[in-house]
Amino acid sequence: SLTGYHHYWHLIRKTLDVHYRGFLLSSVNTVLYRGILYGFFDSLKVFFKKDFIAQTLLGTVSAGIASATVYPLTVIVKNKILNRDRFKSNYESYKGIVKIEGLKGFYRGVRKEGPRSIFAGVSIAAIEYSQCAVYPRINIH
């Protein structure tokens, strides 16, 4: 019957909405995070060519800056997912956070990103250091 078809279509739409809630903003978050992280690291790594510890520190600082920059987007997505009955869009979630907690609400929990930044810094430095060992750069001069 037609009503059964509409009911089936409604279930599919609702399931997709639940699974992909916040997907677009999460994708933007990921692209911005990676762009800031690698852009900052690649811009400053020329000053720390072969020093693994310095590259690790640079990677950690780069990851920390990138995490702190995009963390408000993460908070908006999590708020939208957890309060799906109250917030239908990212903008409504943004307005709700500002109304309830103020701008400080966007950085609530940002300290937990510290260990992640350390591990990201070690990973970036290890990849860079191994690339330098396996593929030494050719001097043109």
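The values are calculated or read from the model by the stated rules, or taken from the named source; none is laboratory data. Quick caveat: nothing in here was measured; it's all calculated off a predicted structure. No Cβ is skipped: glycine too gets one built from the backbone with ideal geometry, and neighbour counts run over all protein chains shown. The accessibility values were calculated without ligands, DNA or RNA, using every heavy atom of the protein model including side chains. Shrake-Rupley method; radii C 1.70, N 1.55, O 1.52, S 1.80 Å.
Some points to look at:
- Total residues in region 97-120, condition of a type outside the set (Gly, Ala, Ser) and under 16 Å from the mean Cα position of the chain (by Cα): 11
- Counting only residues that are closer than 25 Å to Arg34 by Cβ, assigned to a loop (DSSP other than H, G, I, E, B) and basic (Lys, Arg), region 73-125 holds 1 of them.
- Enumeration of residues in region 1-54 that are farther than 21 Å from Phe87 by Cβ, at pLDDT 90 or above and surrounded by 14 or more Cβ atoms within 10 Å (Cβ to Cβ): Leu32, Tyr33, Ile36, Leu37, Tyr38, Phe40, Phe41
- Where a residue in region 53-79 is touching a residue at least 40 places away in the same chain (Cβ under 8 Å) and under 18 Å from Gly96 (Cα atoms) and its partner, wherever it lies, is among the basic types (Lys, Arg) and open to solvent by 10 Å² or more (accessible area, probe 1.4 Å), with Cβ under 9 Å and at least six apart: Val77/Arg21
- Residue satisfying condition, being in contact with a Lys or Arg (Cβ under 9 Å, 6 or more places away or on another chain) and aliphatic (A, V, I, L, M), within set Val46, Val70, Val75, Val61: Val75
- Residue tally, condition without any contact (Cβ under 8 Å) to a residue 12 or more places away in the chain and open to solvent by 50 Å² or more (accessible area, probe 1.4 Å), over region 80-90: 4
- Screening Ser93, Ser123 for residues that are more than 24 Å from Gly22 (Cβ to Cβ) and either open to solvent by 50 Å² or more (accessible area, probe 1.4 Å) or more than 17 Å from the chain's Cα centre (by Cα) (or both) leaves exactly one candidate, Ser123.
- Boolean, Arg111 is among the charged types (D, E, K, R), at pLDDT 85 or above, out of contact with any Phe, Trp or Tyr (no Cβ under 9 Å at 6 or more places or on another chain) and open to solvent by 60 Å² or more (accessible area, probe 1.4 Å): yes
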